[in-house]
Amino acid sequence: MPRTTLAQLRAQQANSLGYLLLRCGQRWSELGLAAVNTEAGAPILREAHTRLLPHLQEPGGIRITALAQKLGVTKQAVAPLVAELAALGLVRVTKDPRDARARRVVLTPFGVDALLHGTRMLHHMEAVMVTPHLGKRDTAALKGLLARLLAVLEA
């Protein structure tokens with residue numbers, strides 16, 4: 001079998017919705033983290049933290065074991081990340097009211113405010129980096145399509 005060249009690989013990737021979504025998401029995350037950390041004046045947030053954040057937005061929080069399962073890692077891998085977020089004041093770890101042995105991770109009011117601030121920063125990035133290049137109509141269409149795709153993927 002002949003070896004694949006980098007040009008062939010790039011051509012395949014350019015034609016892959018999955019690759020384009022992953023790469024755009026990675027780049028967007030890199031730029032967003034850089035903006036957050038620049039504003040903070042120190043590298044306080046890492047990509048590993050951002051993997052947890054969407055799962056922490058349940059009203060009653062989430063059990064550490066469930067969080068680990070959603071991420072496909074062990075409790076031992078999640079625990080230090082949760083501890084770092086707790087040290088930043090973004091989350092608190094509480095006893096699960098249904099099982100005193102289990103722990104739940106809950107966003108603090110400061111954590112909710114911080115996520116809202118981060119989301120506003122993402123809106124700013126969109127306004128500065130995307131809309132000027134795609135235009136308002138295409139940007140709105142892209143957001144609509146991505147929202148529909150996310151609903152399909154989360155179903």
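The values are calculated or read from the model by the stated rules, or taken from the named source; none is laboratory data. Nothing here was measured: the structure is a model prediction, and the numbers come from that model. A quick note on method: Cβ atoms are made from the backbone with ideal geometry, for glycine too, and the neighbour counts reach across all protein chains shown.
Just a few scattered comments:
- Residue match in the stretch 110-123 (condition: closer than 23 Å to residue 27 by Cβ, in contact with a helix residue (DSSP H, G or I) (Cβ under 6 Å, 6 or more places away or on another chain), of a type in the set (S, T, N, Q) and not in a strand (DSSP E or B)): no
- Contact map, the stretch 66-77: residues that are farther than 17 Å from residue 96 by Cα paired with residues that are among the basic types (Lys, Arg), Cβ distance under 8 Å, separation 6+ or inter-chain. Pairs shown: 71/51.
- Beta carbons closer than 7 Å, at least 6 apart along the sequence or on distinct chains, pair a first residue in the stretch 21-36 that is closer than 21 Å to residue 113 by Cα with a second that is surrounded by 14 or more Cβ atoms within 10 Å (Cβ to Cβ) and small (Gly, Ala, Ser) for 36/118.
- Test: residue 108 is polar (S, T, N, Q) and over 14 Å from residue 50 (Cα atoms): yes
- Where residue 103 falls short, out of the listed (1) closer than 30 Å to residue 24 by Cβ; (2) touching a residue at least 24 places away in the same chain (Cβ under 8 Å); (3) surrounded by 15 or more Cβ atoms within 10 Å (Cβ to Cβ): (1)
- Looking only at residues in the stretch 41-65 that are under 18 Å from residue 123 (Cα atoms) and either without any contact (Cβ under 8 Å) to a residue 40 or more places away in the chain or polar (S, T, N, Q) (or both), the one that is surrounded by the fewest Cβ atoms within 10 Å (Cβ to Cβ) is 54.
- For the stretch 75-88, the count of residues that are under 18 Å from the mean Cα position of the chain (by Cα), of a type in the set (D, E, K, R) and assigned to a helix (DSSP H, G or I) is at least one.
- Test result for residue 138, under 28 Å from residue 21 (Cα atoms) and surrounded by 11 or more Cβ atoms within 10 Å (Cβ to Cβ): yes
- Candidates 103, 98, 92 - the one that is at pLDDT 95 or above and farther than 15 Å from residue 48 by Cβ: 92
- Count of residues meeting criterion [outside any loop (DSSP other than H, G, I, E, B) and touching a Lys or Arg at 6+ places or on another chain (Cβ under 8 Å)] in the stretch 29-67: 6
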